[in-house]
1. Within region 55-77, can you find the residues that are of a type in the set (G, A, S) and surrounded by fewer than 19 Cβ atoms within 10 Å (Cβ to Cβ)?
2. When residues of region 16-63 are filtered for being of a type in the set (S, T, N, Q) and closer than 13 Å to G120 by Cβ, how many remain?
3. Kindly indicate whether M150 is touching a strand residue (DSSP E or B) at 6+ places or on another chain (Cβ under 8 Å) and either more than 18 Å from E45 (Cα to Cα) or at pLDDT 95 or above (or both).
4. Count, please, the residues in region 14-37 that happen to be at pLDDT 95 or above and either more than 26 Å from F114 (Cα to Cα) or of a type in the set (G, A, S) (or both).
5. Looking at T63, T75, can you tell me which residue is closer than 23 Å to D177 by Cβ and of a type in the set (S, T, Y)?
6. Restricting to region 87-144, and then to whatever is of a type in the set (S, T, Y) and either surrounded by 13 or more Cβ atoms within 10 Å (Cβ to Cβ) or in contact with a helix residue (DSSP H, G or I) (Cβ under 9 Å, 6 or more places away or on another chain) (or both), can you tell me which residue is farthest from T63 (Cα to Cα)?
7. When you scan region 100-188 for strands (runs of 3 or more DSSP E) that lie fully inside it, which ones turn up with 2 or more residues that are free of Cβ contacts under 8 Å to residues at least 24 places away in the same chain?
8. Restricting attention to region 84-143, which residues are among the hydrophobic types (A, V, I, L, M, F, W, C) and farther than 27 Å from F27 by Cα?
Amino acid sequence: MSLLLAGVVANTFASAGAGPALKAGVFNPPRLAPEFSLRGSDGSEVTLARYRGKVVVMAFGYTSCAAVCPMTLATLTEARSSLGEAADAVQVIYVTVDPERDDADRMKDFLTSFDPSFVGATGAPDVLAAVRQNYFVTAIKHGTGGDYVMDHTSSIYLIDRTGKLRALMPYGHDAADFVHDIKMLLVQ
């Protein structure tokens, strides 16, 4: 986690008050998630407003990622599967940090191997840079040609049904933690 993000987390998150706590770091108070308009892997425009009424689980990554991204998506696949019918009230959005390689078709092929309901989001490099900045996500390209890698923030945002940022789940949590937090957000 970058130092900037660590500072934001330290100043923005607080533990929940009375009642069961989320497993993730909590935005206190919750605030409206920054809106964006990106090209979806399903051919549609991806905006947060489109998914109002659902809990949105939003991750940043890329299709050529060798380890962290596939593990994160596998965890989210397991979590969504564990939700049963409640999974219909949850939308996973996967925002690319690699617009040079990740077009909508490539993202669709990649995400379908995890869960066909996952929506990839891509766009022009400057538009994606603005989205990353709004969410305090860093992405640094290492290497040249087609064989480069992207170092990026791997935390996952949980956005409630009203479009408010509720929690930030650091990389490494298991599916049970996601299920716990998603269920809490579904009943609020």
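The values are calculated or read from the model by the stated rules, or taken from the named source; none is laboratory data. No experiment lies behind these values; they were computed from the predicted model shown. We place every Cβ from the backbone using ideal geometry, glycine too, and count neighbours over all the protein chains shown.
1. Those that are of a type in the set (G, A, S) and surrounded by fewer than 19 Cβ atoms within 10 Å (Cβ to Cβ): S64, A66, A67, A74.
2. Count: 3.
3. yes
4. The total comes to 4.
5. It is T75.
6. For region 87-144, the residue satisfying everything is Y135.
7. Ranges flagged: 139-142.
8. A104, M107, F110, L111, F114, A124
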